[in-house]
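Notes follow the structure.
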């Protein structure tokens, strides 16, 4: 298995939880009150799995090797992805800030949570499409077999330092719990037309 195959598999889990977040926000808007437990589970997942586990592998392991093979960061696809990682963190923080008020039914907090959730969902879906259909094929073309092995080894060490299988499994459990609560089956992944990263 290559690093990009691992990352694409992680994308499938992330897309599933994005569907859960969409349902959390839709229910929040309809009822005028947020399910705080589900929202906190989703924020935990996106902060610590999508960003802290998945994006960390991209930023620390894959992207530097891609740069060494001539794929530019500045004004290139890697820079675009890095900027989107930062923007995602800002949306996660904004959603988290709105949880307590939205759980109490405060109108402004409900609107804030739903707005940032909608923007985050759309942004991350497009981000995943750009990586799966543009950036990762670039990586597979540019990286040598030796590069692939080196990235896999360093990613495995980083994952282990980040809690290993126990940490990974913790977030799969959260994903399953949210999916069960909101009726999102494992195979119900939306396929959006992607746009290549510029």
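The values are calculated or read from the model by the stated rules, or taken from the named source; none is laboratory data. The model shown is predicted, which means the values in this text are computed figures rather than measured ones. All Cβ positions, even for glycine, are placed from backbone atoms using ideal geometry, and neighbour counts span all protein chains on display.
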*Go through 125, 73 for me and flag whichever is modelled with pLDDT under 95, surrounded by 14 or more Cβ atoms within 10 Å (Cβ to Cβ) and either under 12 Å from the mean Cα position of the chain (by Cα) or not in a helix (DSSP H, G or I) (or both).*
73
*Close pairs (9 angstrom Cβ cut-off, 6 or more residues apart or separate chains): on the phi > 0 side of the Ramachandran plot in the range 94-111, in a helix (DSSP H, G or I) and surrounded by fewer than 20 Cβ atoms within 10 Å (Cβ to Cβ) anywhere*: 105/31
*Hits in the range 76-92 (condition: out of contact with any helix residue (DSSP H, G or I) (no Cβ under 8 Å at 6 or more places or on another chain), assigned to a helix (DSSP H, G or I) and under 20 Å from residue 65 (Cβ atoms))*: 79, 83
*Name the pairs: first residue in the range 158-171 and under 14 Å from residue 44 (Cα atoms), second residue surrounded by 14 or more Cβ atoms within 10 Å (Cβ to Cβ), Cβ to Cβ under 6 Å, at least 6 apart or on different chains?*
171/45; 171/49
*Going by the structure shown, is residue 141 surrounded by fewer than 17 Cβ atoms within 10 Å (Cβ to Cβ) and either free of Cβ contacts under 8 Å to residues at least 12 places away in the same chain or in a helix (DSSP H, G or I) (or both)?*
yes
*Just for the range 20-50: of the residues that are surrounded by fewer than 20 Cβ atoms within 10 Å (Cβ to Cβ) and within 12 Å of the chain's Cα centre (by Cα), which one is farthest from residue 149 (Cα to Cα)?*
43
*How about the range 93-109: which of its residues are crowded, with 16+ Cβ neighbours inside 10 Å and over 17 Å from residue 41 (Cα atoms)?*
106, 109
